[in-house]
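One structure is given here, and the rest of the page talks about it.
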Amino acid sequence: MTHTLALSAALLACGLGASAKEPELSPSRSVTYKTVDGTELKLDIFNPEGFKATDHRPAVVFFFGGGWSGGSARQFFQQAKVMADQGLVAFSADYRVKSRNKTTPFECVKDGKSAIRWVREHAAELGVDPIRIIAAGGSAGGHVAACTGIIEGCEEAGEKTEISAAPNAMILFNPVLDTTDKGYGAKSFKPEQQTELSPCHRVHQGIVPTLVFHGTADRTVPFENAERFTKLMKDAGNVCVLVPFEGKDHGFFNGSFFRKGNGDEDFNLTIKHSIDFLKAQGIFK
């Protein structure tokens with residue numbers, strides 16, 4: 001059986017194919033990683049089978065999409081469950097958004113950094129290896145994940161900045177990579193701020209290995225942005241792999257749990273590529 005078929009069979013065996021049901025995707029537990037302005041921000045945790053708090057496992061933290069304005073941590077429950085089934089400790093993070101918290105993308109990025117920092121700070125009790133933490137996310141959540149590894153500064157006041165908020169790898173699903181008029185979200189920034197959180201404009205040497213999934217027919221975030229980002233990363237000496245999905249529009253990666261009516265073929269392929277990438281980087285064994 002090929003790797004792809006074996007993975008698909010494993011997903012179906014876990015009930016994570018097209019017939020996935022909500023109870024099978026409940027997190028192991030939820031914790032508060034940050035309280036700000038009276039709002040408690042949670043991490044939904046998916047632990048692997050046989051997990052012990054004394055483990056030293058790689059971890060992945062997922063950030064949902066929604067244009068920095070809405071969205072739900074449930075978007076990545078299916079990915080989190082499958083990654084946990086592969087042996088990682090998986091987290092799906094909540095963060096502040098405009099519709100609920102009257103915030104800007106800057107607060108989203110601050111929360112993303114807080115989530116990565118919290119996982120690293122509490123790694124020993126979470127069964128996590130603090131030098132094998134992956135930031136992942138889709139669309140605006142992909143932007144948040146990317147910023148944790150690219151943007152310097154933009155930290156929540158009073159945090160333990162001596163603990164790094166940078167991940168050790170990034171997996172980005174049709175992420176926002178250019179926040180100017182050439183990309184997505186320019187109206188969410190003041191004109192003088194449009195490149196402050198724009199990954200394409202902030203690429204530098206030393207960014208962690210990054211995997212990017214993007215549909216070539218994306219009508220929300222231009223595919224050109226992903227191509228340009230990948231070239232900028234490689235030119236700076238960083239590892240960056242772009243996996244194009246021919247003819248696919250925005251959100252193609254969502255599984256059947258979150259996007260009813262979706263098949264899981266593209267979902268399964270992104271999981272396979274993710275695992276292969278993490279193995280190649282020595283993060284997942």
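The values are calculated or read from the model by the stated rules, or taken from the named source; none is laboratory data. Not measured: the values here are computed from a predicted model. In this analysis, Cβ positions are derived from the backbone assuming ideal geometry, glycine residues included, and neighbour counts consider all displayed protein chains.
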Of the residues in region 150-192, those that are surrounded by fewer than 24 Cβ atoms within 10 Å (Cβ to Cβ), at negative phi and either hydroxyl-bearing (Ser, Thr, Tyr) or touching a residue at least 60 places away in the same chain (Cβ under 8 Å) (or both) number 7
Flagged in region 31-65 as surrounded by 24 or more Cβ atoms within 10 Å (Cβ to Cβ) and either at pLDDT below 95 or among the aromatic types (Phe, Trp, Tyr) (or both), in numbering order, are Phe46, Phe62, Phe63, Phe64
Notebook entry, point to check: Does region 231-254 include one or more residues that are surrounded by 20 or more Cβ atoms within 10 Å (Cβ to Cβ) and touching a Leu at 6+ places or on another chain (Cβ under 6 Å)?
Noted result: no
Just one listed residue, out of Gly142, Gly137, is part of a helix (DSSP H, G or I), small (Gly, Ala, Ser) and either touching a Phe, Trp or Tyr at 6+ places or on another chain (Cβ under 8 Å) or closer than 17 Å to Pro209 by Cα (or both), and it is Gly142
With the first residue restricted to region 225-237 and required to be closer than 14 Å to Leu211 by Cα and modelled with pLDDT of 95 or more, and the second required to be acidic (Asp, Glu) and part of a helix (DSSP H, G or I), Cβ contacts under 9 Å at 6 or more apart or on different chains are none
Taking Arg117 as the residue in question, decide whether it is more than 27 Å from Lys272 (Cβ to Cβ), surrounded by 17 or more Cβ atoms within 10 Å (Cβ to Cβ) and modelled with pLDDT of 95 or more. yes
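Quick check, is Asn168 touching a Lys or Arg at 6+ places or on another chain (Cβ under 6 Å) and closer than 23 Å to Gly112 by Cβ?
On the way: touching a Lys or Arg at 6+ places or on another chain (Cβ under 6 Å): yes; closer than 23 Å to Gly112 by Cβ: yes.
Yes: the conditions hold for Asn168.
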With criteria (1) under 22 Å from Gly71 (Cβ atoms); (2) surrounded by fewer than 18 Cβ atoms within 10 Å (Cβ to Cβ); (3) in contact with a helix residue (DSSP H, G or I) (Cβ under 6 Å, 6 or more places away or on another chain), Arg259 comes up short on (3)
Flagged in region 86-103 as surrounded by 19 or more Cβ atoms within 10 Å (Cβ to Cβ) and either touching a residue at least 60 places away in the same chain (Cβ under 8 Å) or within 19 Å of Gly149 (Cα to Cα) (or both), in numbering order, are Leu88, Ala90, Phe91, Ser92, Ala93, Asp94, Tyr95, Arg96
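Check region 166-178 and report whether any residue there is farther than 25 Å from Asp94 by Cβ and either in a loop (DSSP other than H, G, I, E, B) or not basic (Lys, Arg) (or both).
Looking only at region 166-178, we keep the residues that are farther than 25 Å from Asp94 by Cβ, and these are 178.
Checking which are either in a loop (DSSP other than H, G, I, E, B) or not basic (Lys, Arg) (or both) leaves us with 178.
Yes, because at least one residue in region 166-178 is farther than 25 Å from Asp94 by Cβ and either in a loop (DSSP other than H, G, I, E, B) or not basic (Lys, Arg) (or both).
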Subset of region 193-222, residues buried (at least 24 other Cβ atoms within 10 Å of the Cβ) and either in a loop (DSSP other than H, G, I, E, B) or of a type in the set (Asp, Glu) (or both), comes to Leu197, Ser198, Val221
Filtering region 223-244 down to residues that are among the β-branched types (Val, Ile, Thr) and outside any helix (DSSP H, G or I) yields Val239, Val241, Val243
Can you confirm whether region 4-14 contains a residue that is modelled with pLDDT under 50, under 21 Å from the mean Cα position of the chain (by Cα) and not hydroxyl-bearing (Ser, Thr, Tyr)? yes
Within region 118-170, of all residues that are closer than 22 Å to Glu49 by Cα and among the acidic types (Asp, Glu), the one farthest from the chain's Cα centre (by Cα) is Glu125
